[in-house]
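First the structure, in the form of structure tokens, and then the observations on it.
The values are calculated or read from the model by the stated rules, or taken from the named source; none is laboratory data. Source: prediction; values computed, not measured. Methodologically, a virtual Cβ is constructed for each residue, glycine included, from the backbone with ideal geometry; neighbour enumeration extends over all protein chains shown.
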């Protein structure tokens, strides 16, 4: 996707369907750094806890959210229809990442249908996934296209939701092993490890008491 996306309700970003990334025979596209498409998805997932409140509940906060992502929505109408669509998209992505199922997949597919994705071919014969959406739906389409782009470049498989029950913050897992569990090791990760350590200690103490009673 291009570095800067300008949503003027007439044209939006496209995603090339040809693969220019290096591939591993078994694991598909190899990507370890967060791409722009993955950054947009992570930002959307974390928009509920944005500074000043949920960025998808207020037009002004949503415009600030888009500006931070270099999405120009000056000519697009930011109304409750758009905000509701964006909240629906956020919930659908979260469900797909946390608990993949036919239900969560269907919810994401419904939003994609509203984005009106179409296949275009440029003057060099390269197929491009684009959108015919206009007005409010054109902004939502940018994020749907980001999903398509991140799926193509491997970024989608590295987007995670923090394991901490009280957190649910999204992050991009850039580790080689792809097994990062928490948004921050110093906060959520540390609390989880302390909790796990205490549980193991309690279990050992319980086992020792049982052994003493049996001896």
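Filter the range 30-56 for residues that are in a loop (DSSP other than H, G, I, E, B) and surrounded by fewer than 14 Cβ atoms within 10 Å (Cβ to Cβ) and give the result.
30, 32, 33, 51, 52, 53 - these are the residues of the range 30-56 that are in a loop (DSSP other than H, G, I, E, B) and surrounded by fewer than 14 Cβ atoms within 10 Å (Cβ to Cβ).
From the list 152, 158, 87, 120, which one is at pLDDT below 90 and within 17 Å of the chain's Cα centre (by Cα)?
Testing whether each residue is at pLDDT below 90 and within 17 Å of the chain's Cα centre (by Cα) leaves just 152.
For residue 98, state whether it is surrounded by fewer than 21 Cβ atoms within 10 Å (Cβ to Cβ), in contact with a strand residue (DSSP E or B) (Cβ under 9 Å, 6 or more places away or on another chain) and in contact (Cβ under 8 Å) with a residue 40 or more places away in the chain.
Here the answer is yes, as residue 98 does meet what is asked.
Test residue 102 against the stated conditions and say whether it is modelled with pLDDT under 90 and farther than 17 Å from residue 42 by Cβ.
Taking the combined requirement at face value, the residue does not satisfy it.
Looking only at the range 62-69, decide whether some residue is at pLDDT 75 or above, assigned to a helix (DSSP H, G or I), more than 19 Å from residue 172 (Cβ to Cβ) and touching a strand residue (DSSP E or B) at 6+ places or on another chain (Cβ under 9 Å).
yes
When you look at residue 140, is it assigned by TED's automatic domain parsing to the domain that holds residue 63, part of a loop (DSSP other than H, G, I, E, B), at pLDDT 85 or above and surrounded by 18 or more Cβ atoms within 10 Å (Cβ to Cβ), yes or no?
Details: assigned by TED's automatic domain parsing to the domain that holds residue 63: yes; part of a loop (DSSP other than H, G, I, E, B): no; at pLDDT 85 or above: yes; surrounded by 18 or more Cβ atoms within 10 Å (Cβ to Cβ): yes.
Answer is no for this residue.
Pairs please, first residue from the range 124-137 and free of Cβ contacts under 8 Å to residues at least 40 places away in the same chain, second anywhere and part of a strand (DSSP E or B), Cβ atoms under 7 Å, 6+ apart in sequence or on different chains.
Cβ pairs passing all conditions: 132/118.
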